[in-house]
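Presented below is the structure to which this report refers.
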Amino acid sequence: MQVQVVEVGPRDGLQNEKEMIPTEGKIRLIERLVEAGLQRVEASSFVNPRWIPQLADAAEVCRALPQLPGVRYSALVPNLKGLERARECGLTEVAVFMSASETHNLKNINKTIAETFPVLRETTREALALGMRVRGYVSTVFGCPYEGEVSLDSSRRVTEELVAMGVYEVSIGDTIGVATPRQVHEVFAALVKDVTTERLAGHFHDTRGTGLANVAAALEEGIRTFDSSIGGLGGCPYAPGAAGNISTEDLVYLLHGMGYQTGIDLVKLTEAGAYMQELLGRPLPSKVLQAALAQ
Ligand code: HMG
Ligand code: MG
């Protein structure tokens, strides 16, 4: 059985890095990721560069993406201005994003949830009219750094709104890595009442070491698309204390061991992880990467 892995390292992974990574290094990293067999890569983010300085070079990165058959690139866009910037450099897919909790939404994109819907609706409508694909993200589904518990009703409502706008898939985010498998079962069992499993993805951060256990729980609920970041790099700058995404190497190791196919070559993937470590000048959290490098 096939599982899709969405590599978000070049965006979610890098957006929290204080030291500026050279544009050339970001492009080399993406080349290595697609050589390893990744077919979905979130390459960067067209947000206000004052908010996310590390990704101010989104246009340069996106113009240099290696075009290979079957490989799809995407980038975050918060509004029409972001969409316009993404389109100008030839992207054919974008991702809109918002939170299930008010305070995180406000801190992250400077709007209430109610104010965000019309912005994402017009952005999605325009992108679809241009023939682009649009993905959606819901953050803080499993907990908010400012409000704590987040109601399932709010997550369901935001997810449904995004689907109604026309996104082809909604990525369900554990922004601060607080989820445990029981909650993952509860959340996905509720969401699949409104949205089919094919249109949902799991986006787990590994702050508390529960990321892969959460993937296993989501697989049991029928979810077959997961976001991850090379080496386990990353975090949301507007979610204090948030650690990286689950690592792509660890996710692929787990999936292959469980009998799922991903089309990804784990040896080449760890080479991409090793390259990322070199670029950053420090070890990354991925356990599979560290085990490969120790051999
Ligand atoms: P704002 O200040 O309310 O925007 O920010 P505004 O519309 O009032 O415009 C203010 C200025 O921003 C103007 O410039 C605009 O042109 C500019 P000025 O006239 O002052 O020179 N601007 C832009 N510039 C470039 N590109 C744009 C753009 N839009 C406006 N697209 C805004 C609102 C959404 C722009 C801001 O809050 C922002 O950029 N936020 C991004 C925060 C972010 O990137 N967070 C991390 C990503 S989300 C995440 O990590 C979670 C996720 O991984 C899932 C999970 O883990 O849960 C996806
Ligand atoms: Mg994230």
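The values are calculated or read from the model by the stated rules, or taken from the named source; none is laboratory data. Note that the structure is a prediction, hence the values are computed from the model and not measured. Every residue, glycine among them, receives a Cβ derived from its backbone with ideal geometry; neighbour counts consider all protein chains shown.
Please go through the range 231-254 and give me each residue that is over 18 Å from the mean Cα position of the chain (by Cα) and of a type in the set (A, V, I, L, M, F, W, C), ordered by number.
Within the range 231-254, the subset over 18 Å from the mean Cα position of the chain (by Cα) is 253-254.
If the condition is that a residue be over 18 Å from the mean Cα position of the chain (by Cα) and of a type in the set (A, V, I, L, M, F, W, C), then Leu254 is the only one that fits.
Taking the criterion of being in a loop (DSSP other than H, G, I, E, B) and either surrounded by fewer than 23 Cβ atoms within 10 Å (Cβ to Cβ) or touching a residue at least 40 places away in the same chain (Cβ under 8 Å) (or both), would at least one residue in the range 114-123 satisfy it? Among the residues of the range 114-123, not one is in a loop (DSSP other than H, G, I, E, B) and either surrounded by fewer than 23 Cβ atoms within 10 Å (Cβ to Cβ) or touching a residue at least 40 places away in the same chain (Cβ under 8 Å) (or both), which makes the answer no.
Taking the stated definitions as given, is Gly177 in a helix (DSSP H, G or I), out of contact with any Cys (no Cβ under 8 Å at 6 or more places or on another chain) and either buried (at least 18 other Cβ atoms within 10 Å of the Cβ) or of a type in the set (S, T, N, Q) (or both)? Lay out the reasoning, then the answer.
Numbers: in a helix (DSSP H, G or I): no; out of contact with any Cys (no Cβ under 8 Å at 6 or more places or on another chain): yes; either buried (at least 18 other Cβ atoms within 10 Å of the Cβ) or of a type in the set (S, T, N, Q) (or both): yes.
Criteria not met by Gly177.
Taken over the range 256-279, the residue count meeting the criterion of being in a helix (DSSP H, G or I), touching a residue at least 40 places away in the same chain (Cβ under 8 Å) and not aliphatic (A, V, I, L, M) is 5. Cβ-Cβ distances below 6 Å connect the following pairs, each with a first residue in the range 199-215 that is touching a residue at least 12 places away in the same chain (Cβ under 8 Å) and surrounded by 23 or more Cβ atoms within 10 Å (Cβ to Cβ), a second residue that is of a type in the set (Asp, Glu) and not in a helix (DSSP H, G or I), and a separation of six or more residues or different chains: Ala201/Glu169; His203/Asp227; Phe204/Asp174; His205/Asp174. Here Gly232, Gly257, Gly273, Gly263 are screened, and the one residue that is of a type outside the set (A, V, I, L, M) and over 14 Å from Val5 (Cβ atoms) is Gly257.
In this structure, is Val163 outside any loop (DSSP other than H, G, I, E, B), modelled with pLDDT of 95 or more, among the β-branched types (Val, Ile, Thr) and more than 16 Å from ligand 1 (Cβ to nearest atom)? For Val163, the condition - outside any loop (DSSP other than H, G, I, E, B), modelled with pLDDT of 95 or more, among the β-branched types (Val, Ile, Thr) and more than 16 Å from ligand 1 (Cβ to nearest atom) - is met. Taking the criterion of being under 23 Å from Glu102 (Cα atoms) and away from ligand 1 (no atom under 13 Å from the Cβ), the residues of the range 193-239 that qualify are Asp194, Val195, Leu200. Taking the range 216-243 as the search range and keeping residues that are assigned to a loop (DSSP other than H, G, I, E, B), near ligand 2 (Cβ under 9 Å from one of its atoms) and not aliphatic (A, V, I, L, M), which one is nearest to Asn105 (Cα to Cα)? Filtering the range 216-243 for residues that are assigned to a loop (DSSP other than H, G, I, E, B), near ligand 2 (Cβ under 9 Å from one of its atoms) and not aliphatic (A, V, I, L, M), the one nearest to Asn105 (Cα to Cα) comes out as Cys236.
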